[in-house]
Every structure is written in structure tokens, then in C-alpha cells.
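The values are calculated or read from the model by the stated rules, or taken from the named source; none is laboratory data. These figures come from a predicted structure and were not determined experimentally. FYI the Cβ positions are ideal-geometry reconstructions off the backbone, even for glycines, and counts take in every protein chain you see.
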Amino acid sequence: MKRIYFDNASTTRLTEPVLEAMMPYLTGIHGNAMSAYLEGRAAREAVETARIRVARAIGAEPDEIRFTGGGTESDNWAVLGTAARAGTPGKIVTSAIEHHAVLRACEFLAKRGWTIEALPVSPDGFVDPEDLERAITGDTRLVSVMLANNEIGTVQPVRALAEIAHSHGVPFHTDAVQAVGALRIDVKELGADLLSVSGHKFHAPKGVGALYIRKGTGIQPLLRGGAQEGGLRAGTENVPGIVGIGAAIELAAGSVEERAQRVRGMRDALVRGILESVPGSFLNGSADRRLPGNANLCLRPLDSPTLVPLLDMRGIAASNGSACAAGSDEPSHVLKALGIGIREINGSIRFTLNEENTMEEVLEAVSRIRDIASRLP
């Protein structure tokens, strides 16, 4: 039985062109990028080339890109680094459906005197700009709202939200971990001051990410030690990983709209097929304002703790939410924020496709899901 991988929001495959770009730095060119001799200069050149590629892909300048260990570090750095810069506790405004990397960082600050306001979302999963306008107060130090949700794929009106934050003199951070590689990104058009990236969401290796920091945006380091990353992120650079994220983001940005159109067609076919095959099923979140490959569906009367292993046994890799929350008994905070009941949350499954999937896989997955549903009471 052929395996069907529909969990690309959790992680994507390291592709051959990216691995090929990384290989020289995994073996022969092994110098420390901070070293002044030949081997170190070669590693430094590779890091700076990757920085240019990441910057170009999101409409930034190279010196606005700082490499990190992944999306969680980038999100933590944006929130905690801004708070550290502020010095005294103030307020952070975020949304109820942020990734735990943002929410847990905010909870950490709340225990230290900060005020955290998590804005509600509509039943489709969107922040109302008017709610943000009302939430910002004189001591607000940061607004952090994700560009695209990792569970339901909704794409927020980030430009409008950033404009509101800026009208009050407040910096704006967006977690773009799920969006980079799936959507065309331009930090200037979005109005972001800080933007988080994670390489393994678009075929780069795990363990490497980036934080865009607009020039003039005040932020303190999380990691202190050496002078790497302009003195903002200490630690020996992961040269192979950085080369990988540079190669992967360049490839992704070069064909993003063409890939999005193809993936969207497969996603829509998957949604239609499942809704027709499983009575009582429905789509969570917006039907159109969502990531091209995201399909989060409630498959009543099935429940996801049972369905995920059943799908796995039938050769389909899917999830019941964020991979970072796997193993938790808590129901999805994202689906709870939409006002969905516990029974429906327990019956919800996230399928995430990318350009490596095929329509044949979609049709076969629908057939297998139909068979599973027909066999259960």
C-alpha cells in the first residue's frame, strides 16, 4: 500500500536540490564562519549568500535577516526580545489562535507583570481590526498576530492590523512560519517589523529558521555570548542548515504562485471528496481565505484520537492539530477559539498538502477515508 503524506504543515521533505547545496558544508567546507582563515571565509561567504537569498525572498534587506534555530526561537525572540528592550512591564496584544511559541512566551511575561490580551477570532478564524484598535493602550509594547494559522490555515489581514499598530507607535510581529513558501511574502507590503520563518516548512532542514528585524526595530538578544548574527544571536552558525534554508526559500519563492494554484486545486478536491463521503462532516475555518494546502475538517461521528491511527494504518499521514501539541490531552485552543464544541474538536483532522502531492493521492485518500467511515458504527 502506497503511503500518502498529508502532513506538510508539520514538516516537509528535504529535497534533493537543497541537500545538494548543503553537502559541501556537511563534509569538505567545514570551517567556522567566524574564523578569519580560508576555510572560515568560505563558510562566511555561504552564510551571507544565504542571508541575501532569504532577504530577497521576503522583500527585505540582507542585514535585516538573523538566522535562528527555527520558528519557535524566532517567535520567542520577537516577543521576549521586544519585552526585554522595553525594560519595564507593559502590554502585548496577540490573538487567541497563535502558535504556542507565541502564547507560551506571553504567558512567561504575564507571570512577570506584563498584561497580555489575546484577541478573539470570528467563527472562520479571523481577528477583527476593530478589536485590535480597542485593545491597544498607551503602554502597549508589541502586537503579534500570525500571518497564517498552523491548524486551520486562515490568512489574517496582517497589513490592516500592522497599520493600526503603527498608528499607535507600536511594533508589529507576525509569525509567518506556515506562510513562507506557500504564499508570496513582502515584508514591506505586510508592514511587519518582525517576521518569523522556519526552514523545514518549505523543504529546508529542521533546526534552522530566521527572524526578520526591520531596521530601527528595538530588540534585545535572547542568546548571549559571541558576536554572531550582528551581535544579536550568539552561537556558532549552523552553516549547512543556513545554506539549506537559503537554497530552499529561493526555490520556493521562484514558483510560489504556480505551486499555490496547483495545490489549491488538490486541496479543494480533497475537501469535496471527504464532505461527500462522510455524512455530517464540515470544514473548519474559511473556505477561501486560507493557505492553499490546508484542509481542516470535522469528520463526525469519528474522533481524531481514533482516526489518526486508523488513517496511519491505511497509509495516510495526517494530524489532529499542531505537531508541537502532539501528546497533549488538551483540545485544540484554535478550534475552541472558533466556538467549536468539544465533540466536534475531537472529530477534527488536519490534512496539509504541498506541490509534491498528486491528484491521484487525493482520490485514493478519499477512497480510503470513505472505506474507514463506512466500517465504523
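Find all pairs meeting these conditions: Cβ atoms under 8 angstrom apart; at least six residues apart or on different chains; first residue within the range 194-217 and in contact (Cβ under 8 Å) with a residue 12 or more places away in the chain and within 11 Å of Ile242 (Cα to Cα); second residue surrounded by fewer than 24 Cβ atoms within 10 Å (Cβ to Cβ) and basic (Lys, Arg).
From residues that are in contact (Cβ under 8 Å) with a residue 12 or more places away in the chain and within 11 Å of Ile242 (Cα to Cα), the pairs are Gly199/Lys206; Ala210/Arg66.
Out of curiosity, is Ile58 crowded, with 22+ Cβ neighbours inside 10 Å, assigned by TED's automatic domain parsing to the domain that holds Gly246, without any contact (Cβ under 8 Å) to a residue 60 or more places away in the chain and of a type outside the set (D, E, K, R)? Walk me through it before giving the result.
Numbers: crowded, with 22+ Cβ neighbours inside 10 Å: yes; assigned by TED's automatic domain parsing to the domain that holds Gly246: yes; without any contact (Cβ under 8 Å) to a residue 60 or more places away in the chain: no; of a type outside the set (D, E, K, R): yes.
Here the answer is no, as Ile58 does not meet what is asked.
The rows are residues; the columns are (1) at pLDDT below 95; (2) under 18 Å from Tyr212 (Cα atoms); (3) touching a Pro at 6+ places or on another chain (Cβ under 8 Å).
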{"site": "Pro129", "(1), (2), (3)": "no, no, yes"}
{"site": "Leu132", "(1), (2), (3)": "no, no, no"}
{"site": "Ala135", "(1), (2), (3)": "no, no, no"}
{"site": "Thr154", "(1), (2), (3)": "no, no, no"}
{"site": "Arg159", "(1), (2), (3)": "no, yes, no"}
{"site": "His173", "(1), (2), (3)": "no, yes, no"}
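Of the residues in the range 351-377, how many are out of contact with any Gly (no Cβ under 6 Å at 6 or more places or on another chain) and in contact (Cβ under 8 Å) with a residue 40 or more places away in the chain?
Start the filter on the range 351-377 by keeping residues that are out of contact with any Gly (no Cβ under 6 Å at 6 or more places or on another chain), which leaves 351, 355-365, 367-377.
Now drop any that are not in contact (Cβ under 8 Å) with a residue 40 or more places away in the chain, which leaves 351, 355-359, 361-365, 368-373, 376.
Residues that pass the stated criteria total 18.
Please give the number of the condition Asn32 fails out of (1) part of a helix (DSSP H, G or I); (2) surrounded by fewer than 17 Cβ atoms within 10 Å (Cβ to Cβ).
Here Asn32 meets the rest and fails (1).
Please find, among Pro205, Pro240, the residue that is farther than 15 Å from Thr72 by Cβ and either under 15 Å from the mean Cα position of the chain (by Cα) or assigned to a strand (DSSP E or B) (or both). Don't jump to the end; show me each part of the working.
Working: Pro240 fails: either under 15 Å from the mean Cα position of the chain (by Cα) or assigned to a strand (DSSP E or B) (or both).
None of the others qualify; the one that does is Pro205.
I need the full set of residues from the range 155-184 which are touching a helix residue (DSSP H, G or I) at 6+ places or on another chain (Cβ under 8 Å), closer than 20 Å to Gly285 by Cβ, in a strand (DSSP E or B) and not acidic (Asp, Glu), in order please.
Thr174, Val180, Leu183
Any idea which of Arg300, Arg259, Arg267 is out of contact with any Asp or Glu (no Cβ under 7 Å at 6 or more places or on another chain) and not β-branched (Val, Ile, Thr)? Full working, then the answer.
Details: Arg300 fails: out of contact with any Asp or Glu (no Cβ under 7 Å at 6 or more places or on another chain); Arg259 fails: out of contact with any Asp or Glu (no Cβ under 7 Å at 6 or more places or on another chain).
Being out of contact with any Asp or Glu (no Cβ under 7 Å at 6 or more places or on another chain) and not β-branched (Val, Ile, Thr) holds for just one of Arg300, Arg259, Arg267, which is Arg267.
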